Amino acid sequence: MADLDTLKAEAKKANAKATQAKMDLHDLSEELPTNWERILEVANVAYDAHVALMAARKQLADAQAAAA
């Protein structure tokens, strides 16, 4: 199992990616109907980024609980 510092760094990186994906989705929504064809592409990226973020947070929480 990775150490807590590594898991924290991974969670921080996943958070940054999820935040960027959220902003990309928001920006696209503000431009509609321009680029409407990209809705699914951008939404899938945001979804995948948030799935990864939730997994990283869970892994970190589990590791912190095991260390306690």
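Observations
- In the set (1) farther than 26 Å from residue 2 by Cα; (2) in contact (Cβ under 8 Å) with a residue 40 or more places away in the chain; (3) among the basic types (Lys, Arg), the condition left unmet by residue 57 is number (1).
- Exactly one residue out of 65, 2, 46, 16 is touching a residue at least 12 places away in the same chain (Cβ under 8 Å), among the hydrophobic types (A, V, I, L, M, F, W, C) and part of a helix (DSSP H, G or I): that is 46.
- Residues located in segment 1-21, provided they are of a type in the set (S, T, N, Q) and over 23 Å from residue 43 (Cβ atoms): 6
- Exactly one residue among 43, 11 is hydrophobic (A, V, I, L, M, F, W, C), surrounded by 17 or more Cβ atoms within 10 Å (Cβ to Cβ) and modelled with pLDDT of 95 or more, and that residue is 11.
- Conditions (1) modelled with pLDDT of 95 or more; (2) exposed (fewer than 13 other Cβ atoms within 10 Å of the Cβ): number failed by residue 1: (1)
The values are calculated or read from the model by the stated rules, or taken from the named source; none is laboratory data. Please read all numbers here as calculations on a predicted model, not as lab measurements. Every residue, glycine among them, receives a Cβ derived from its backbone with ideal geometry; neighbour counts consider all protein chains shown.
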